[in-house]
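See structure below.
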Amino acid sequence: MIGIIDYDAGNIKSVEKALIHLEEEPVVSRDPEILKKADKVILPGVGSFGESMANLHRFGLVSVIQDMIKEGKPFLGICLGLHLLFESSEESPGVDGLGILKGKIKKIPPAPGLKIPHMGWNSLELQNNGRLFRGIPQDTYVYFVHSYYLEAEEPEIVKAVTQYGTCIHASVEKDNVFACQFHPEKSGGTGLKILENFAKLEREGN
């Protein structure tokens, strides 16, 4: 079973549909007991960093997420879910993120002709042998929707980058924690392959 954390963010249904297409067993829930029974967990989402962190606290999910990650359960953050795994975001100054990973969430810098939010297909430059990208060719295109981007503190955790006005850390991986700035559930066959790779992961330590 793959748990999908429901914290009133957008785009959760698309992730569920993609997993059903892959013949996985997704369960959308904010019940800690149900999420703890999942083999793997996904934190998807589109929305505001500050409001989303408030929701995670309100539903009592912050400690649940931290505990599941400490247990070695494979955990995937998507888009806003990536942002929330880090310490803070320029979108919501003064709001603490989950602090699972180290880095800055920054506003995409404006530039002539550059549309923000970034909405569309960009190619990935793969690096550091990311497990999510097994069987995925270099320079493959995936779909992005975002105004803020990650600048990770630890270069070795960055598994894919893309260029959009600046160098965007598009995917990271550290131990059993994975995250994508792009939307695999909206990235066609490539995205389904990434989700399939996640679904096949073993629990850290097994």
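The values are calculated or read from the model by the stated rules, or taken from the named source; none is laboratory data. Computed from a predicted structure; not experimentally measured. All Cβ positions, even for glycine, are placed from backbone atoms using ideal geometry, and neighbour counts span all protein chains on display. Only protein heavy atoms, including side chains, enter the accessible area calculation; ligands, DNA and RNA are left aside. Shrake-Rupley method; radii C 1.70, N 1.55, O 1.52, S 1.80 Å.
Quick notes on this one:
- Answer residue from the stretch 88-115, given it is over 27 Å from Asn197 (Cβ atoms) and without any contact (Cβ under 8 Å) to a residue 40 or more places away in the chain and is surrounded by the most Cβ atoms within 10 Å (Cβ to Cβ) among those: Ser88
- Among the conditions (1) touching an Asp or Glu at 6+ places or on another chain (Cβ under 7 Å); (2) open to solvent by 80 Å² or more (accessible area, probe 1.4 Å), Glu156 misses just one, which is (1).
- In the set Thr162, Thr190, only one residue is part of a helix (DSSP H, G or I) and open to solvent by less than 60 Å² (accessible area, probe 1.4 Å); that residue is Thr190.
- Flag if Val41 is part of a loop (DSSP other than H, G, I, E, B) and surrounded by 15 or more Cβ atoms within 10 Å (Cβ to Cβ): no
- Count of the stretch 13-30 residues, restricted to those that are more than 25 Å from Glu202 (Cβ to Cβ) and either of a type in the set (Val, Ile, Thr) or surrounded by 15 or more Cβ atoms within 10 Å (Cβ to Cβ) (or both), is 2.
- Candidates Gly81, Gly72, Gly77, filtered to the one that is modelled with pLDDT of 95 or more and over 14 Å from the mean Cα position of the chain (by Cα): Gly72
- Residue in the stretch 63-72 that is polar (S, T, N, Q) and either at positive phi or in contact (Cβ under 8 Å) with a residue 60 or more places away in the chain (or both) present: no
- Unique residue being open to solvent by 50 Å² or more (accessible area, probe 1.4 Å), in contact (Cβ under 8 Å) with a residue 12 or more places away in the chain and assigned to a strand (DSSP E or B) when the list is Glu173, Glu151: Glu151
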